[in-house]
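K.L.:
Sharing a structure below in structure tokens format, with a few things to ask.
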Amino acid sequence: MELVYGTTNLAKLEHMREMLAGLGLAVLGLDDISPGLPDVEETGQKPVDNARLKARHYHRLLGRPVFSCDSGLFIEGLSEEEQPGVMIRRVNGERMDDEAMLSHYAAIAERFGGRVKAQYINSICLVLNPDEVYCYQGPEISTDSFWLLATRHEQCIAGLPLDSLSQTLDGEQYFVELRHGESSMDVQMAQGFRRFFVESLGLDTRLVSLPQGSMKSAWAAE
């Protein structure tokens with residue numbers, strides 16, 4: 001079965017393909033189907049609201065099954081007004097590129113002495129047709145708490161800049177180093193996403209478990 005992932009982010013597209021390996025799904029990106037599609041204004045207050053907006057938008061444009069994901073970033077110590085939430089890439093209405101994001105969030109971590117706890121809340125919405133819409137937001141597909149640092153890793157992956165500022169709570173590895181499915185968090189999220197598709201599409205529940213060696217990268221929000 002072919003599904004369109006409502007994103008042009010190649011890093012996220014490849015990661016989703018890895019997570020869904022063995023489910024019998026061909027995951028295509030927007031640029032694989034129709035490059036240059038208009039974006040939808042993400043006006044939701046929660047990640048799942050924006051995932052639904054995007055999935056319905058691209059389904060209307062393409063007329064085929066589409067799923068979209070969205071994330072919210074929440075940082076301990078920031079006021080509700082200061083929280084990035086679903087506006088991870090926007091400050092004062094302006095969209096940040098990767099380098100601007102690195103500078104912005106490093107400055108936030110610096111305010112807390114060089115590191116501060118944070119968490120991504122992830123969501124997904126699958127639109128098979130106008131009457132079959134499946135959405136989920138919850139801990140199974142979200143990250144554990146991690147350190148957001150003021151000091152960046154020397155490596156940076158295009159489209160996933162905050163992996164270079166994010167570190168496991170044990171302080172041993174940056175997210176950008178966790179690109180081989182080694183962390184329990186990576187496996188947890190992968191199985192959460194697999195369960196979503198297995199249940200939504202009525203697939204064999206035995207497929208929820210990850211095929212050995214299928215994970216190569218770690219989740220991070222846009």
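K.L.:
Enumerate the helices (runs of 4 or more DSSP H) found wholly within region 12-118, keeping only those where 1 or more residues are surrounded by 18 or more Cβ atoms within 10 Å (Cβ to Cβ), out of contact with any helix residue (DSSP H, G or I) (no Cβ under 9 Å at 6 or more places or on another chain) and of a type outside the set (S, T, Y). Talk me through it step by step, then tell me what you get.
P.N.:
Details: elements: 30-33, 47-62, 98-111.
Correct list: 47-62, 98-111.
K.L.:
Does V187 count as more than 17 Å from R52 (Cβ to Cβ), crowded, with 18+ Cβ neighbours inside 10 Å and among the β-branched types (V, I, T)?
P.N.:
Here the answer is no, as V187 does not meet what is asked.
K.L.:
Could you say which residue among N122, N129 is within 19 Å of the chain's Cα centre (by Cα), among the polar types (S, T, N, Q) and either at pLDDT 95 or above or more than 27 Å from E140 (Cα to Cα) (or both)?
P.N.:
None of the others qualify; the one that does is N122.
K.L.:
From the residues in region 173-204 that are farther than 18 Å from L20 by Cβ and among the acidic types (D, E), which one is modelled with the highest pLDDT?
P.N.:
Only one residue tops the list, namely E177.
K.L.:
Yes or no: region 94-112 includes at least one residue that is closer than 19 Å to T43 by Cα and among the basic types (K, R).
P.N.:
So far as region 94-112 goes, yes, one or more of its residues are closer than 19 Å to T43 by Cα and among the basic types (K, R).
K.L.:
Something else now. Among R89, R115, R95, which is out of contact with any Lys or Arg (no Cβ under 9 Å at 6 or more places or on another chain) and of a type in the set (K, R)?
P.N.:
From the options R89, R115, R95, the qualifying one is R115.
K.L.:
Is one or more of the residues making up region 150-164 charged (D, E, K, R), closer than 18 Å to A106 by Cβ, touching a helix residue (DSSP H, G or I) at 6+ places or on another chain (Cβ under 9 Å) and assigned to a loop (DSSP other than H, G, I, E, B)?
P.N.:
Taking every residue of region 150-164 in turn, at least one turns out to be charged (D, E, K, R), closer than 18 Å to A106 by Cβ, touching a helix residue (DSSP H, G or I) at 6+ places or on another chain (Cβ under 9 Å) and assigned to a loop (DSSP other than H, G, I, E, B).
The values are calculated or read from the model by the stated rules, or taken from the named source; none is laboratory data. As the structure is a computational prediction, the values presented were derived from the model and not from experiment. Reconstructed Cβ throughout: ideal geometry from the backbone, glycine too, with neighbour counts over all protein chains shown.
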